[in-house]
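All of the numbers you see were taken from the coordinates with simple rules; none came from a lab. Given the structure is predicted, the values throughout are model-derived calculations rather than measurements. So basically every Cβ, Gly included, is an ideal-geometry build from the backbone, and we count neighbours across all protein chains shown.
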């Protein structure tokens with residue numbers, strides 16, 4: 001038996017705790033209603049008509065995937081030319097680089113995606129980097145999705161998981177995040193589980209004073225300020241809050257807010273006029289959130 005064969009299944013599969021966000025692009029079921037077999041397309045003109053007909057369905061999915069990939073790449077790529085790094089003495093550069101390192105993985109399927117980070121990655125010295133990055137990505141996607149007329153909803157959870165193949169996460173973290181998204185999120189918002197809040201609180205409560213621990217603790221404290229208890233008692237990612245604006249959306253916050261609020265208002269008006277009580281109520285709740293958290297001028 002060679003060394004690889006003698007390794008335990010735990011080592012081979014890498015069971016760890018993960019933080020994962022399950023995102024669902026809304027409106028796809030209605031867009032696909034009534035569609036069935038793809039009939040034989042014999043002429044170029046017929047093919048062009050079909051492509052034009054499905055662009056509004058497939059386009060938002062591709063845009064969501066592309067944006068999320070770009071955001072993640074921006075977060076995980078090394079930044080050796082950072083002004084903050086340049087201000088440090090050379091002997092602290094290696095520690096700075098260790099602080100910044102993180103891994104965020106996107107897993108795509110159908111009209112949704114999962115973005116996740118391993119909390120047991122030994123090469124990542126500050127696991128809160130990944131969670132902070134996830135908060136930034138999915139909160140931004142909420143605002144951008146509303147502003148572009150392609151709203152999403154989602155949920156963030158912390159639990160065990162295993163990558164059956166690189167980038168293919170399975171386990172309780174996926175099941176729990178999906179359950180939160182499908183049963184509790186209901187409308188364009190990101191629900192955050194009590195387990196995720198508990199993990200953040202534990203990171204905030206650490207007392208180690210080395211630089212890596214202090215940085216990790218500071219990120220956890222920032223993430224806690226990005227949470228809000230919604231009117232139904234659930235904890236949500238507060239993407240309209242001052243902390244999200246200061247740490248993530250920054251100069252783009254007000255234009256993104258304005259575009260998103262206009263879409264929310266239009267949807268509420270549309271569904272109220274159509275007497276669609278379910279969607280009218282949900283967009284009324286979302287409009288209430290926007291009106292209560294309007295950004296102050298810079």
* Taking the simple approach of a point 7 Å from Cα along Cα-to-Cβ for both residue 231 and residue 218, what is their distance in nm? -> 3.8
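Give the relative contact order (percent, whole number) for the chain; include only Cα pairs under 8 Å separated by 6+ residues.
Working: 411 pairs, mean separation 60.7, N = 298.
20 percent.
How high is the FRET efficiency between residue 183 and residue 284 when r is their beta carbon distance and R₀ equals 30 Å, given to the nearest 0.05?
Working: r = 20 Å, r/R0 = 0.68.
It comes to 0.90.
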* Structure fact -> Projected onto their principal axes, the Cα atoms of the chain stretch, largest extent first, over whole-Å spans of 62, 59, 38
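Determine the gain in length on full extension of the stretch residue 109-residue 265; use 0.36 nm per residue of separation and subtract their C-alpha separation, reporting nm with one decimal. Intermediate values should be presented prior to the final figure.
Numbers: separation 156, 0.36 × 156 = 56.16 nm, distance 3.02 nm.
Separation in residues times 0.36 nm, less the Cα-Cα distance, equals 53.1 nm.
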* Structure fact -> Once both label points are put 7 Å beyond Cα along the C-beta direction, the residue 211-residue 35 separation in nm becomes 5.3
* Asked: What nm distance separates the two modelled labels at residue 51 and residue 160, each placed 7 Å from Cα along Cα→Cβ?
  -> 4.9
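Rounded to the nearest 5, what % of DSSP beta bridges with both residues in the chain are antiparallel?
Numbers: 29 of 32 bridges.
So the antiparallel bridges in the chain amount to around 90 percent.
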* Tilt of helix 253-273 relative to the longest C-alpha principal axis of the chain, in degrees (0 to 90, nearest 10)? -> 40
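Give me 109, 96, 160 ranked fewest to most by other Cβ atoms within 10 Å of their Cβ, as a rough exposure proxy.
On the way: 109 7, 96 18, 160 14.
Ascending number of Cβ neighbours within 10 Å: 109, 160, 96.
Just rank 135, 50, 244, fewest to most, by other beta-carbon atoms within 10 angstrom.
On the way: 135 29, 50 13, 244 25.
In order of increasing Cβ crowding within 10 Å: 50, 244, 135.
Only helical DSSP H runs with n ≥ 4 go in: add -39500 (n - 2.57) per run for the chain, normalise by residue count and round the 222 nm mean residue ellipticity to 500 deg cm²/dmol.
Rounded to the nearest 500, the figure is -16000 deg cm²/dmol.
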* In degrees, nearest 10, range 0 to 90: what is the angle between the Cα axis of helix 194-204 and the longest Cα principal axis of the chain? -> 30
* To do: Kindly express, to the nearest 10 degrees and within the range 0 to 90, the angle between helix 44-76's C-alpha long axis and the longest C-alpha principal axis of the chain.
  => 20
* Using R₀ = 30 Å, calculate the FRET efficiency as 1/(1 + (r/R₀)^6) where r is the Cβ-Cβ separation of residue 26 and residue 251; round to 0.05. => 0.60
* Structure fact -> Going fewest to most other Cβ atoms within 10 Å around each Cβ, 286, 38 line up as 38, 286
* So what's the gap between the Cα centers of the stretch 203-251 and the stretch 30-102, to the nearest angstrom? -> 25
* Compute the FRET efficiency between residue 86 and residue 148 as 1/(1 + (r/R0)^6), taking r as their Cβ-Cβ distance and R0 = 35 Å, and round to the nearest 0.05. => 0.45
